[in-house]
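Comments concern the structure below.
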Amino acid sequence: MIPSKPWGCGFLTERANGMCKQQEHFLRRFDMQRWKRFYQWNHRKPDDLLAFFWKRFEPKSWSLFCASYRNQDALFAPFQGENVIHGVSCRLEAAMQASSHGSASNVFGLLHAFADKYAAKQKVLGIFIVRGHSPPAQLEHVLDEEDWALAKAETQDPLVRDFVSGLLTPRGNKSALEDFQVTCSRVI
């Protein structure tokens with residue numbers, strides 16, 4: 001016997017319309033674990049990745065924070081930017097895992113080291129997606145004010161959306177820094 005209401009939807013309605021309203025709402029909602037899986041499998045498909053992200057991102061429940069390394073002038077070679085990214089990501093991952101209330105499941109981080117195409121300049125920038133409107137204590141502790149600038153991104157502003165999109169897909173069509181190329185990236 002065929003169940004009449006799989007997943008809470010009428011069998012015939014689901015067959016006719018493709019999916020019911022309950023399923024559509026679930027699929028449109030931003031879910032961190034789903035986002036992490038989608039990013040892992042689609043990070044080389046910028047158009048799909050950005051469409052998925054901006055369609056589901058909910059500014060009422062989630063926030064975007066842009067991070068910039070304050071000592072950019074001290075970076076003279078690409079390996080130095082890579083060292084900064086590796087160090088901060090190891091400290092952040094350890095702090096998140098040590099947390100007893102599971103904040104690691106509510107944080108997605110992406111850090112990039114950029115090298116100037118025309119001069120010997122390096123930059124380290126990143127983005128963090130967190131549940132709520134303030135960064136978790138572990139993130140603020142690891143990205144201390146002395147070494148990092150952490151700013152909440154206003155996702156309604158088109159310029160900010162373009163910048164965030166460029167950080168999410170730096171090898172895609174949009175670039176956060178047009179004269180720079182990515183030398184290293186790390187997902188947290």
| field | Which numbered condition residue 140 fails, given (1) in contact with an Asp or Glu (Cβ under 9 Å, 6 or more places away or on another chain); (2) surrounded by fewer than 19 Cβ atoms within 10 Å (Cβ to Cβ) | value | (1)
| request: Scan 65, 53 and give me the residue that is surrounded by 15 or more Cβ atoms within 10 Å (Cβ to Cβ), aromatic (Phe, Trp, Tyr) and either part of a strand (DSSP E or B) or more than 14 Å from the chain's Cα centre (by Cα) (or both). | output: 65
| Any residue in segment 97-120 that is among the basic types (Lys, Arg) and at pLDDT 85 or above? | no
| remark: Of 82, 145, 93, the only residue that is modelled with pLDDT of 90 or more and surrounded by fewer than 20 Cβ atoms within 10 Å (Cβ to Cβ) is 82
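The values are calculated or read from the model by the stated rules, or taken from the named source; none is laboratory data. Everything numeric here is computed off the predicted structure, so don't read it as measured data. For neighbour counting, all protein chains shown are included, and Cβ atoms are generated from backbone atoms with ideal geometry for every residue, glycine included.
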